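Worksheet: the structure to be examined is printed underneath.
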Amino acid sequence: EAGVTQSPRYAVLQEGQAVSFWCDPISGHDTLYWYQQPRDQGPQLLVYFRDEAVIDNSQLPSDRFSAVRPKGTNSTLKIQSAKQGDTATYLCASSRDISAETLYFGSGTRLTVL
Amino acid sequence: GEQVEQRPPHLSVREGDSAVIICTYTDPNSYYFFWYKQEPGAGLQLLMKVFSSTEINEGQGFTVLLNKKDKQLSLNLTAAHPGDSAVYFCAVSAWTGGLSGKLTFGEGTQVTVIS
């Protein structure tokens with residue numbers, strides 16, 4: 001069974017530029033999560049979906065960040081105008097369903113904003 | 001909301017020795033507890049999940065203890081070897097009328113095993 005796949009692995013951009021991250025969850029997992037992990041810190045939840053519906057995006061900076069999962073499978077997280085404070089690893093995870101206690105994480109996308 | 005404090009932030013241990021990482025959480029509704037291992041450039045690898053109070057869970061080369069009375073979760077690396085060098089995170093999920101996969105993570109512990 002393939003794991004959670006994320007791309008790209010790395011991204012480097014200037015402040016003000018836009019960037020998108022892509023996640024392919026484990027097949028059959030209906031719940032998908034995006035976490036932000038600043039350097040030397042634990043991951044922090046940004047948003048999560050059940051199928052195509054957003055369940056909680058209260059920690060997503062809505063003025064610059066957006067996330068979609070249009071068909072309930074793959075997901076895209078986009079930063080519209082990146083800031084240096086967005087420098088972090090962005091982790092995607094999936095679980096079998098919304099009440100499943102086990103999350104499976106991808107390898108992440110490491111973003112550096114200069 | 002839930003807060004999770006993890007100590008120590010850095011840990012050096014000689015090969016063959018043991019080491020302990022402790023997490024303290026605040027939400028009494030916390031229900032599931034996890035330890036993850038993160039190697040450089042990799043995602044989070046689940047080591048163990050526990051939910052029973054004061055239960056000792058043994059994995060391969062480590063022991064996990066949950067003490068709900070004191071709201072503490074610990075990871076004991078037994079007989080450390082170089083492959084244990086990594087960052088370890090504890091994580092907690094709360095029962096909020098139903099389980100969810102929303103995890104609150106500790107800050108992480110960088111473990112370095114010295115040969």
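Numbers for the structure displayed
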| quantity | calculated |
| --- | --- |
| The protein assembly as shown - Rg and Dmax from Cα coordinates, angstrom | 17.6, 50 |
| Cα-centred dipole magnitude for the protein assembly as shown, charges only on beta-carbon of K, R (+1) and D, E (-1), debye, nearest 20 | 300 debye |
| Restricting the stretch A:40-98 to trypsin sites (Lys or Arg not before Pro) in coil, as DSSP defines it, with at most 10 other Cβ within 10 Å | A:K71 |
| Largest-first principal axis extents of the Cα set of chain B (Å) | 47, 29, 21 |
| Integer Hz, Karplus 6.51/-1.76/1.60 couplings in order for the stretch B:3-15, x for Gly and Pro | 10, 10, 10, 10, 9, x, x, 9, 8, 10, 9, 6, 3 |
| For the stretch B:30-36, Karplus couplings with θ = phi - 60° (6.51, -1.76, 1.60), whole Hz, Gly/Pro x | 4, 10, 10, 9, 9, 10, 10 |
| The stretch A:1-107, dipole about Cα centre (Lys/Arg Cβ +1, Asp/Glu Cβ -1), debye to the nearest 20 | 260 debye |
| Under 20 Å from the Cα of B:K37 - aspartates and glutamates, other chains or at least 8 residues apart | A:D40, A:E101, B:E5, B:E15, B:D17, B:E58, B:D84, B:E107 |
| Dipole magnitude of the stretch A:30-89 about its Cα centre (Cβ charges: Lys, Arg +1; Asp, Glu -1), debye to nearest 20 | 180 debye |
| Modelled FRET efficiency - R0 30 Å, A:S66 with B:L46, Cβ distances, 0.05 increments | 0.55 |
| Net +/- balance of residues flanking A:T112 in space, Cβ distance below 14 Å, scoring K and R +1, D and E -1 | +2 |
| Low-density loop cleavage sites - GluC sites (Glu not before Pro) in the stretch A:1-63, where at most 13 other Cβ are within 10 Å (DSSP) | A:E1, A:E15 |
| Cβ-based exposure ranking for B:V64, B:V20, in which fewest neighbours within 10 Å come first | B:V20, B:V64 |
| For chain B, with +1 on Lys and Arg beta carbons and -1 on Asp and Glu, the positive-most of B:N76, B:S12, B:I114 along the dipole | B:N76 |
| Convex hull projection area averaged over all views, chain A, Cα basis, nm² | 6.6 nm² |
| Most positive-pole-ward Cα, A:A53, A:P8, A:L91, against dipole of chain A from beta carbon charges | A:P8 |
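Here, each number is a calculation from the coordinates, and none is a lab measurement. Keep in mind that this is a model prediction, so the values were computed, not measured. Cβ sites come from the backbone with ideal geometry, for glycine too, and all protein chains shown count toward neighbours.
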